[in-house]
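Q: Encoded as structure tokens, here's the structure I'll be asking about.
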Amino acid sequence: MSTHDQHGSGRRSAHRPWRIRLLAAAGAGALLLASGAIAPSASAKDDGGDDGGDKVLNVAVAQSVDSLSPFLAVRLLSTSIHRLTYEYLTNYDAKDNHVIPGLATEWKSSSDKLTWTYTIRSDSKWSDGEQATAEDAAWTFNTMMTDPGAATANGSFVGNFAKVTAPSPTQLVIRLKKPQATMTALDVPIVPKHVWEKVDDFSKFNNDKDFPVVGNGPFVLTDYKPDSYVRLKANKDFWRGAPKFDELVFRYYKDQDAAVAALRKGEVSFVAGSPSLTPAQADSLKGEENIRVNDAPGRRFYALATNPGARAKDGTKFGDGDPSLLDQRVRNALFMAVDRKAIVDKVFQGHAVEGAGYIPPRFSSYFFEPSSGQELAYDPERAAKLLDEAGYRTNADGKRLGKDGKPLDYRVLCHATDPNDKAVGKYLQEWWGELGISVTLDCLDNVTDPWLAGKYDLAFDGWSVNPDPDFVLSIHTCAALPATPKDTGATDNFICDKKYDELYAKQLGEYDAGKRAEVVKQMQSRLYDTGYMNVMAYPNAVEAYRTDQIKSITTMPSDAGNIYGQDGYWSWWSAVPADSGDSSGSSSSTGTVIGIAAGVVVLAGLGVLFAVRRRASADDRE
């Protein structure tokens with residue numbers, strides 16, 4: 001599951017929602033940080049604070065939870081929590097993203113590539129003492145296959161499944177309709193059947209009433225207060241070993257400066273930003289005693305999404321997107337009037353690279369760059385000519401008119417908690433204003449409702465991309481549209497394009513890694529040309545933590561990567577308290593790093609049993 005920045009910022013991990021100047025890969029290795037006393041939590045127990053003697057890791061986040069149900073959640077925070085509380089069949093290694101075991105210890109495919117058999121580990125227990133078995137996995141997938149509500153967040157993974165069975169507690173068998181290249185990257189949380197089979201309506205159940213929540217990951221969810229905090233306790237019986245912090249608390253800060261202030265005071269151990277710190281915030285923390293800033297290539301993209309005309313699978317159109325945006329020439333003109341270099345230099349102040357395709361350069365195999373003749377480079381004059389050609393001309397006052405004779409005024413949906421949205425929005429007002437187009441920034445705490453209702457013209461968008469990009473590609477297929485206007489689909493912004501769908505099906509069935517990567521690049525090229533998605537930048541993961549509270553922590557990739565929002569649970573599972581006396585060196589931190597580490601995606605070969613290897617991965621849409 002990817003995480004998203006959009007619909008709550010995450011969205012969609014994937015995606016949240018869900019923003020590096022590339023230098024030679026720098027930094028690396030395990031850096032054990034100076035020890036010191038852990039600062040006491042400033043919060044009371046009933047506000048998610050610590051118990052007194054426990055070692056509590058407080059993490060400041062700028063995103064709230066959309067749902068604690070693995071079947072519904074798409075924001076980065078929510079999907080990150082699910083990585084911590086439920087196991088997935090496979091994981092991704094923290095060092096280089098290659099696939100390793102999770103709940104499944106090994107897997108193999110039949111010669112026709114249509115039957116996959118997974119061996120489920122026998123040493124994983126649910127937090128209520130029940131054994132985790134293949135039946136739990138089979139029930140999870142079958143429920144997603146048969147209940148539209150359960151397929152809301154991750155239905156694309158099972159759309160090609162024909163049958164799922166559990167012949168024994170340690171054997172899971174998945175029969176496919178057609179070959180599917182993502183069978184070692186099914187980013188779906190496996191839930192306990194004996195708990196979830198009691199749910200009546202998966203489209204409404206948010207998993208936020210009964211605590212502790214039964215899971216089998218490294219942490220157990222024990223408390224939650226909407227728009228305030230999420231509290232988790234270390235799972236002492238986790239098969240890989242218990243986390244070294246007793247508790248992990250995610251604290252929501254609407255004001256990012258307040259979160260940075262809390263880090264300075266020692267009230268929180270780590271601050272992630274939304275999802276990254278601003279350059280000014282990061283600069284203010286560098287050099288501070290007991291604070292380390294991690295600045296490394298991220299797994300996210302930062303984009304403008306255009307409303308292509310909201311619609312449902314039943315053909316019903318809804319929303320109120322400006323009809324001028326249905327013209328590709330208009331969309332391309334708008335994007336040719338966006339100076340990506342200025343955004344990288346002035347908004348991100350060099351802590352990002354210019355965007356183009358959907359997959360960040362961190363995942364080098366899938367990274368797309370437009371050809372010279374294809375590139376929608378910054379060219380305001382050409383943009384104005386395109387608008388003229390499309391029939392949108394200016395009047396005597398310099399205002400560009402729509403087909404109804406009224407001046408064009410685009411509403412741009414933005415996240416109130418993200419300073420980058422507001423900063424880029426001001427540039428859009430300037431750049432598009434020169435074209436004669438007005439821009440109204442609609443910055444909201446909750447962008448989900450107008451987004452799902454199609455009541456926007458353009459919107460700031462962003463997703464965290466997994467090592468396997470299938471999920472973040474699937475959200476632009478026709479299959480991801482809502483069934484009716486009243487339903488919630490997996491779609492990002494209602495794109496439904498036949499050519500894109502054909503390419504999506506082709507990559508899904510391609511097991512040759514090189515050939516599949518080429519098709520994925522073609523898909524990104526199609527998105528780029530149609531102009532529905534304008535990827536402006538690939539932001540660094542810029543975050544900070546206190547070295548007097550955290551001795552060491554694992555980044556992903558380990559040489560130069562992010563801590564928050566990983567494709568796994570490595571950071572929080574590995575974090576060592578500064579006063580623990582643990583000198584194992586099993587965790588690492590890259591510290592302040594500006595570099596690029598290519599993620600290596602290793603697809604499982606067919607017909608082969610894979611040896612058990614340590615695993616790592618993370619999810620996010622946002």
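Q: Give the Rg (one decimal place) followed by the Dmax (whole number) of segment 47-120, computed from C-alpha coordinates and expressed in Å.
A: Final numbers for Rg and Dmax: 17.4, 58 Å.
Q: What residues have an amide H closer than 5 Å to that of LEU413, excluding those fewer than 5 places away on the same chain, when H is modeled at 1.01 Å from N in the peptide plane?
A: Close amide H contacts, sequence-distant or interchain: ASP442, ASP457, LEU458, ALA459, PHE460.
Q: Estimate the FRET efficiency between ASP54 and ASP237 by the formula 1/(1 + (r/R0)^6), using the beta-carbon distance for r and 25 Å for R0, to the nearest 0.05. Please report the intermediate quantities before stating the final value.
A: Details: r = 17 Å, r/R0 = 0.69.
After rounding, the FRET efficiency stands at 0.90.
Q: Give me the one-decimal nm value for the distance between modelled label points at ASN395 and GLU430, 7 Å along each residue's Cα-to-Cβ direction.
A: 2.7 nm
Q: Can I ask one more? Can you list the residues, at least 5 places off or on another chain, whose amide H is less than 5 Å from the amide H of LYS125, using H built in the peptide plane?
A: Under 5 Å from the amide H of LYS125 lie the amide H atoms of ALA132, TRP239, each far enough along the sequence or on another chain.
Q: Could you sort the peptides 167-174, 216-223 by per-residue average Cβ neighbour count (10 Å cutoff), highest mean leading?
A: Final packing ranking: 216-223, 167-174.
Q: Another question, then. In whole Hz, with x marking every Gly and Pro, tabulate ³J(HN,Hα) for segment 432-439 from phi via Karplus 6.51 cos²θ - 1.76 cosθ + 1.60, θ = phi - 60°.
A: Working through the residues one at a time gives 6, x, 5, 8, x, 10, 7, 10 Hz.
Q: At a Förster radius of 25 Å, what calculated FRET efficiency corresponds to the Cβ-Cβ distance of GLU369 and LYS498, to the nearest 0.05?
A: According to the calculation, E is roughly 0.50.
Q: Summing Lys, Arg as +1 and Asp, Glu as -1, what charge do residues with Cβ under 14 Å from the Cβ of ALA342 carry, ALA342 excluded? Spell out each step's value before the answer.
A: Numbers: positive: ARG340, LYS341, LYS346, LYS426; negative: ASP339, ASP345, GLU354, ASP379, GLU430, GLU434.
Combined, the nearby Lys, Arg, Asp and Glu give -2.
Q: Now, a different point. Take the Cα atoms of segment 216-348, build their convex hull, and give its volume per residue in Å³.
A: 217 Å³
Q: Here is a follow-up. Can you order the peptides 250-259, 413-422 by their average number of other Cβ atoms within 10 Å per residue, highest first?
A: 413-422, 250-259
Q: What is the packing order of peptides 550-559, 145-154, 192-201, taking the mean over residues of other C-beta atoms within 10 Å and listing the highest first?
A: Descending packing order for the listed peptides: 550-559, 145-154, 192-201.
Q: Averaged per residue, what accessible surface does segment 219-367 expose to a 1.4 Å probe, in Å²?
A: Averaged over the residues of segment 219-367, the accessible area is 34 Å².
Q: Return the loop-located GluC sites (Glu not before Pro) in segment 99-155 (DSSP other than H, G, I, E, B) with at most 16 other Cβ atoms within 10 Å of their own Cβ; answer none if there are none. Write out the running numbers ahead of the final one.
A: Details: sites: GLU106, GLU130, GLU135; in loops: GLU130.
Hits after loop and neighbour filter: GLU130.
Q: Under a point spin-label approximation (7 Å from Cα along Cα-to-Cβ), what is the ASP123-ALA261 distance to one decimal in nm?
A: It works out to 4.8 nm between the two label points.
Q: Give me, ordered by chain and number, the residues 5 or more places off SER364 or on other chains with an amide H under 5 Å from its own placed amide H.
A: For SER364, the qualifying residues are GLY599.
Q: Students often get this wrong, so check it: of LYS108/LYS178; LYS163/LYS506; LYS254/LYS422; LYS95/LYS244; LYS455/LYS486, which have C-alpha atoms separated by over 18 Å?
A: Among LYS108/LYS178; LYS163/LYS506; LYS254/LYS422; LYS95/LYS244; LYS455/LYS486, the Cα-Cα distance tops 18 Å for LYS163/LYS506; LYS95/LYS244.
Q: Further, regarding this structure: Provide the FRET efficiency to the nearest 0.05 for the GLN131-LYS163 pair, computing r from the beta carbons and using R0 = 35 Å.
A: 0.90
Q: How far apart, in nm, are two points set 7 Å out from the Cα along the Cα-to-Cβ line at LYS506 and at THR115?
A: Spacing of the two 7 Å Cα→Cβ label points: 3.1 nm.
Q: Taking the full set of protein chains and a 1.4 angstrom probe, give the accessible area of LYS385 in square angstrom, rounded to the nearest 10.
A: Rounded to the nearest 10, that gives 120 Å².
Q: Each residue of segment 83-96 in order: what ³J(HN,Hα) in whole Hz does its phi give by Karplus 6.51 cos²θ - 1.76 cosθ + 1.60, θ = phi - 60°, with x for Gly and Pro?
A: Each residue's phi maps through the Karplus curve to give 4, 7, 10, 10, 7, 10, 4, 10, 9, 10, 5, 5, 6, 9 Hz.
Q: While we're on this one: Using θ = phi - 60° and the Karplus curve 6.51 cos²θ - 1.76 cosθ + 1.60, what whole-Hz ³J(HN,Hα) does each residue of segment 247-263 get, with Gly and Pro shown as x?
A: Karplus-based 3J(HN,Hα) across segment 247-263 equals 9, 10, 10, 8, 10, 8, 10, 5, 9, 5, 5, 5, 5, 5, 5, 5, 5 Hz.
The values are calculated or read from the model by the stated rules, or taken from the named source; none is laboratory data. What you are looking at is a predicted structure, and each value in this text was computed from that prediction instead of being measured. Using ideal geometry, Cβ is built from the backbone for each residue, glycine included, and neighbour counts are taken over all protein chains shown. In case anyone asks, the SASA skips ligands and DNA or RNA and just uses the protein heavy atoms, side chains included. Shrake-Rupley method; radii C 1.70, N 1.55, O 1.52, S 1.80 Å.
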